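Below: one structure, written as structure tokens.
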């Protein structure tokens, strides 16, 4: 993972936000290559899910034909949206404070191990990554017991890694940045939404929030889309956009950030068909990742246990990926596919529903102490009338919700490869190559003149100018060709085009394939069509 992070900085995929001022934790800037990768990823999602969808055909394994449309909703919405959606009350993590270091931690992320020296036993915690946990616990344990390296065998560390919430003897806990025991407070709720104010007065009535998800903008526009687009159930609404969550402890590079981008679909269907559509979207979204290059071995589909389900969820499955920063055998969430039932549309009609309603009974509007709705909905009719059967119902919703940043990180991790290739003398040399799918590669082709003379740069620049009209390409005439190849390999460029002495005679160039290293001669006039075929 350290090598991947280093390459991302060195080649211009990702930078720490505000780096020259020391950075801001949980925020990342995409560099020249990174912004192209992320744009290509979002474009591939939008094309595959929305714009190229043929509503006249029934896709494989789909119950019926369906329609797909798009939206782009505002980041700041009416504050009542977040009260009726449940985010105002329920969107929180538990945090603890350290009374000694004054630092704050997410309750479920504090891990550690029992350490003992003789009869004295303490629980040493750390925020280190899983693979460094034992070493960090050992270092802190030796420091606490004032042991020197030559006395290291006096310290015993238990193999089992535990979370802070599994420990009953809180007075024996050494907090991650503390020198003494029993400094952590009891956990308390911390709402993850970013507060902001509307207008110049800034009073309590002007408080609102940056959206923590893009989904609610789709739900509140459900009726607008039905009325203006004339779509019929079943149909989906897609949206790509920024969301914000005030994470207590952002970590693992871009995996858990405070500002991130989502690619979400809210798919509206008849309640009787919702289970079939849930299965359809589970299968389709998993296939999308493998078609773009993530290996089957590194992906799993994990169904949530009942106790994990969100208050609105009938069923949820996560597509998870084996990120390199996780311990072997563990996976991190890439995308969630949730069966949300009719919770969202009904909530925005009537008010937030009570998540504690007895199982099997219709959910009721949550009431305040005066017997009135605690969070009043819009009062608008968000039901749907079938134009053929005249049946009126509140649609069920299936939500495939993907993170563009997490997906970009997964594709970067999957693409990172180290191998050996022969140099100009036939000797094997180490090579780092990003084997990105051609659809995702930031630069599609790089054009090189073999030398900077004999008219080769002029021909290479003409080729660059022509290809630039059709795709993102790069021109490079600095250094030996072998070094130029290596630079493009690290950038993930699938093809390199070299203008050489033969080009002057027969108007052909060499195309080198990044992965196979195969080199073939192509006529200059055929380059656009040849690259187009290869990239598609």
Checklist entry - Among (1) 3, 15, 22, 22, 18, 12, 6, 2, 0; (2) 3, 16, 25, 26, 17, 8, 3, 1, 0; (3) 3, 18, 29, 29, 17, 4, 0, which is the computed P(r) over Cα pairs in 10 Å bins from 0, in percent? => result (1)
Checklist entry - Given Cα pairs under 8 Å that are at least 6 residues apart, what percent is the relative contact order of the range 359-514? => result 18
Checklist entry - According to a simple spin-label model (label point 7 Å from Cα along Cα-to-Cβ), what is the distance in nm between residue 167 and residue 57? => result 5.8
Checklist entry - Antiparallel DSSP bridges in the chain: what percent, to the nearest 5? => result 85
Next on the checklist: If I take every Cα pair under 8 Å that is 6 or more residues apart in the chain, average their sequence separation and divide by the length, what percent do I get for the relative contact order?
Outcome noted: 13
Checklist outcome for this item: Expected sort for 401-408, 170-177 on mean C-beta neighbours within 10 Å, highest first, is 401-408, 170-177
Checklist outcome for this item: From DSSP H assignment alone, runs of 4+ in the chain each adding -39500 (n - 2.57), the sum over residues rounded to the nearest 500 puts [θ] at 222 nm at -7500 deg cm²/dmol
Checklist entry - Roughly what % of DSSP beta bridges within the range 443-535 run antiparallel, to the nearest 5? => result 55
Checklist entry - Gap in Å between the Cα centre of the range 156-178 and the Cα centre of the range 5-83? => result 38
Item to check | Nitroxide proxy distance, nm - points 7 Å out along Cα→Cβ at residue 78 and residue 139 | outcome: 5.3
Item to check | Inter-probe distance in nm under a simple model that places probes 7 Å from Cα toward Cβ, at residue 308 and residue 523 | outcome: 5.7
Checklist entry - Going by average Cβ neighbours within 10 Å, how do the peptides 493-501, 69-77 rank, with the highest at the top? => result 493-501, 69-77
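Order 526-535, 448-457 from most to least packed using the mean count of other Cβ atoms within 10 Å.
448-457, 526-535
Listing 53, 87 from the residue with the fewest other Cβ atoms within 10 Å to the one with the most, what is the order?
53, 87
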Checklist entry - For the range 162-252, what's the relative contact order in percent, using C-alpha pairs closer than 8 Å and at least 6 residues apart? => result 23
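Rule-based calculations on the coordinates, nothing more; no lab input. As the structure is a prediction and not an experimental result, all values here were calculated from the model. Backbone-built Cβ (ideal geometry, glycine too); neighbour counts: all protein chains shown.
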